[in-house]
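Below is one structure, written out as structure tokens; the observations come after it.
The values are calculated or read from the model by the stated rules, or taken from the named source; none is laboratory data. Here the structure is a predicted model, which means the values were calculated and not measured. So basically every Cβ, Gly included, is an ideal-geometry build from the backbone, and we count neighbours across all protein chains shown.
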Amino acid sequence: MSAGNPSISPSAVPELNPFAGVDFTELERSLRRPRTLLSVVLSLLVAGMTLMALVPLFSVVWMLAWRGGKKLTLAVFTQLPPAPLEQGGGFGNAIVGTLVMVGIATVISVPLGIMSAVFLERAKESRFAQVVRFAAKTLTGLPSILAGVFAYGTIVLLTGGFSALAGSIALAVLMLPTIILTAEDAIRMVPAKMKEAAAGMGATQTQTVWMVLLPTAFPGILTGVMLAIARAAGETAPLLFTALFSNYWLLSRGRLDLMQPTASLAVLIYNFAGMPFENQVELAWAAALVLVLLVLTTNLLGQALSRRQVQ
Amino acid sequence: MATEMTPKMDPLDGNGKADVSAVMAAGDHVVIDCHIKELYYGAFKAVRDTAIPIKKNAITAFIGPSGCGKSTVLRCLNRMNDLIRGFRFDGHVRYRGQDIYHPSIDPVAVRRFIGMVFQQPNPFATSILNNVAFGLRLNGYKGDKLAKVEEALRRAALWDEVKDKLHKSGLSLSGGQQQRLCIARAVATEPEVLLMDEPCSALDPIATRKIEELMLELKQRYTIAIVTHNLQQAQRVADKTGFLYVDTSGGGRAGYLVEYGESRQVFEAPREKHTQEYIRGEFS
């Protein structure tokens with residue numbers, strides 16, 4: 001005799017209730033059960049930790065907006081840094097300098113980085129690929145000042161002066177490993193079945209890379225590039241030995257001269273923040289806010305771009 | 001590039017021997033003449049003594065237990081195995097009389113004549129349109145791409161379902177639709193042969209039935225070779241069937257062809273004992 005036998009109606013043999021012996025209170029939510037209690041405690045802990053992690057982030061943003069926002073007028077974008085005790089002024093040349101140097105560094109490091117990443121993904125575990133990967137990983141931990149020293153030793157000494165170009169190359173050296181490693185990861189994440197599909201269609205290696213791997217990995221590669229740009233834009237140390245600083249516009253007498261000392265937001269903040277003049281300190285705050293906004297805008301643009309790609 | 005070689009894909013190969021088989025092949029309508037003596041992955045012998053002719057405008061099914069090497073044999077036919085490290089192969093695969101493993105042959109070019117549909121639907125992470133146009137772009141097709149895409153989607157019986165959302169991602173489709181998208185992608189460049197490696201194993205019965213109807217439709221224009229685990233499927237669609245088996249008793253693990261013939265004969269009156277047992281479901 002079984003409880004599931006349809007010939008026996010349940011009412012006739014009530015003692016064969018299939019749920020007999022199940023204690024339904026076992027199914028109720030209750031904090032008295034250690035498992036549930038632990039789960040609740042851990043959830044609260046995680047939420048609390050997250051909030052704590054957000055505190056420094058938001059305080060920095062708040063402070064920047066508060067202290068930097070006061071001074072943020074159109075003048076700071078159009079005027080040159082003021083002399084000590086001079087009132088007003090701005091840091092238009094530093095904004096241009098940062099944009100130009102980060103721009104050139106991006107133009108140098110992105111193609112190089114992505115090509116290296118493609119090589120690493122294709123060459124997989126070959127000895128040379130392993131060496132390159134190891135070098136890139138080591139370079140991510142490189143103190144940024146050393147990138148400056150490197151560019152000083154090569155470009156500055158070779159060309160005989162501080163220049164925007166030297167600054168760009170120092171920044172490119174810093175950006176390169178980040179781009180290589182994130183791009184390689186992104187390309188590696190392209191499902192193997194898509195690579196197989198491309199091969200099965202008769203795509204050559206080059207076609208597979210251009211038409212399948214890079215487009216599919218695009219959002220991931222872009223994230224890496226954005227990270228690298230954000231880092232480069234905020235770097236001060238590598239620029240101190242290379243681009244130095246300048247109180248004048250990069251564009252002089254109608255032409256862009258990349259071989260002269262060049263201002264940047266990061267170095268301006270570094271210089272002005274330590275000055276005993278209130279005007280300069282306030283400008284440093286405003287410059288910090290502008291720098292954050294620049295990086296933020298770049299990131300948002302990047303995200304919009306990658307979203308459009310994916311549909 | 002080797003300049004002294006004969007033109008690629010020429011059925012009448014320079015070395016006299018190939019001539020004969022090319023003519024014979026053409027007479028017998030064998031599109032791919034595959035003879036694998038031994039096939040290795042590194043030190044592992046995966047397949048031995050397997051000769052299967054793939055007949056024109058017919059569906060040839062490869063059946064057999066897991067690990068018998070039927071997918072491996074299928075992947076030999078358009079040199080997909082070249083992508084696997086340690087792959088070695090003794091024997092020949094002749095496409096229209098031309099040995100596709102001849103050193104003068106570019107494996108990439110082979111795959112444009114002999115297309116492939118995989119077990120897992122594998123559309124690219126791009127729009128439906130771009131997925132189907134992929135092969136056209138590979139080959140630098142200059143004509144009306146949209147017309148070609150529509151034609152391919154119609155042939156894959158997918159046009160009506162996707163014509164209003166050609167710019168949506170191919171990955172947004174259901175599994176069965178994705179597989180038909182992959183078929184459309186494969187036929188868009190008009191290959192002569194389609195290799196299908198368990199194309200329905202990831203699909204539900206309704207989607208499977210659709211793909212089977214599609215195969216019967218497609219064989220009017222293309223030559224199809226299919227690997228399947230599903231005996232009913234082979235029975236429903238295949239004209240010719242090859243049964244592969246792996247004999248582990250001797251210590252080896254190499255699969256080999258046990259029996260090849262008309263599907264009806266293989267399923268209803270198998271000549272070999274192993275085939276009989278397999279078809280009766282006595283082992284798997």
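Would you point out the residue of the stretch B:118-129, among those that are more than 7 Å from chain A (Cβ to nearest Cβ) and buried (at least 22 other Cβ atoms within 10 Å of the Cβ), that is nearest to A:K195 (Cα to Cα)? Step by step, filter the stretch B:118-129, then rank; the result is B:P123.
Which is in contact with a helix residue (DSSP H, G or I) (Cβ under 6 Å, 6 or more places away or on another chain) and crowded, with 19+ Cβ neighbours inside 10 Å, of A:A129, A:A123, A:A151?
None of the others qualify; the one that does is A:A151.
Of all residues in the stretch A:245-265, none are surrounded by fewer than 23 Cβ atoms within 10 Å (Cβ to Cβ), at pLDDT 90 or above and either in the same structural domain as A:P84 (by TED's automatic domain parsing) or in a helix (DSSP H, G or I) (or both).
Considering only the stretch B:274-283, I want to know if a residue exists there that is aromatic (F, W, Y) and within 19 Å of the chain's Cα centre (by Cα). Checking the stretch B:274-283: not a single residue is aromatic (F, W, Y) and within 19 Å of the chain's Cα centre (by Cα). Can you tell me which of A:L214, A:L239, A:L227 is under 25 Å from the mean Cα position of the chain (by Cα), within 21 Å of A:S109 (Cα to Cα), part of a helix (DSSP H, G or I) and within 14 Å of chain B (Cβ to nearest Cβ)? None of the other options fit; the residue is A:L214. Take the conditions among the aliphatic types (A, V, I, L, M), within 30 Å of A:V190 (Cβ to Cβ) and either touching a helix residue (DSSP H, G or I) at 6+ places or on another chain (Cβ under 8 Å) or modelled with pLDDT under 90 (or both) and apply them to B:A202. Does it pass? In short, yes.
Give me the residue from the stretch B:82-104 that is within 13 Å of chain A (Cβ to nearest Cβ) and at pLDDT below 90 and, out of that set, surrounded by the fewest Cβ atoms within 10 Å (Cβ to Cβ). Checked the stretch B:82-104; the qualifying residue surrounded by the fewest Cβ atoms within 10 Å (Cβ to Cβ) is B:R85.
Criterion applied to B:R180, B:R112, B:R137 was being closer than 29 Å to B:A234 by Cβ, basic (K, R) and either out of contact with any Leu (no Cβ under 7 Å at 6 or more places or on another chain) or within 13 Å of chain A (Cβ to nearest Cβ) (or both), and the one residue passing it is B:R112. Do we have B:G140 as free of Cβ contacts under 8 Å to residues at least 24 places away in the same chain and either closer than 22 Å to A:V190 by Cβ or outside any helix (DSSP H, G or I) (or both) here? Yes, satisfied. For the stretch A:156-189, the candidate set comprises residues that are of a type in the set (V, I, T) and surrounded by 21 or more Cβ atoms within 10 Å (Cβ to Cβ); within that set, the residue that is farthest from A:L227 (Cα to Cα) is A:V156.
A:I221 meets all of the listed conditions (1) under 19 Å from the mean Cα position of the chain (by Cα); (2) within 12 Å of another protein chain (Cβ to nearest Cβ); (3) of a type outside the set (K, R) but one, namely (2).
When each of A:V102, A:V76, A:V118, A:V61 is tested for being surrounded by 13 or more Cβ atoms within 10 Å (Cβ to Cβ), within 30 Å of A:E196 (Cα to Cα) and β-branched (V, I, T), the lone residue that passes is A:V118.
Across the stretch B:183-205, the qualifying residues are those that are hydrophobic (A, V, I, L, M, F, W, C) and part of a strand (DSSP E or B), and the one among them that is nearest to the other protein chains (Cβ to nearest Cβ) is B:L195. Scanning the stretch B:220-244 for residues that are crowded, with 20+ Cβ neighbours inside 10 Å and either modelled with pLDDT under 90 or within 24 Å of B:G176 (Cβ to Cβ) (or both) yields B:Y222, B:T223, B:I224, B:A225, B:I226, B:V227, B:T228, B:Q233, B:A234, B:V237, B:A238.
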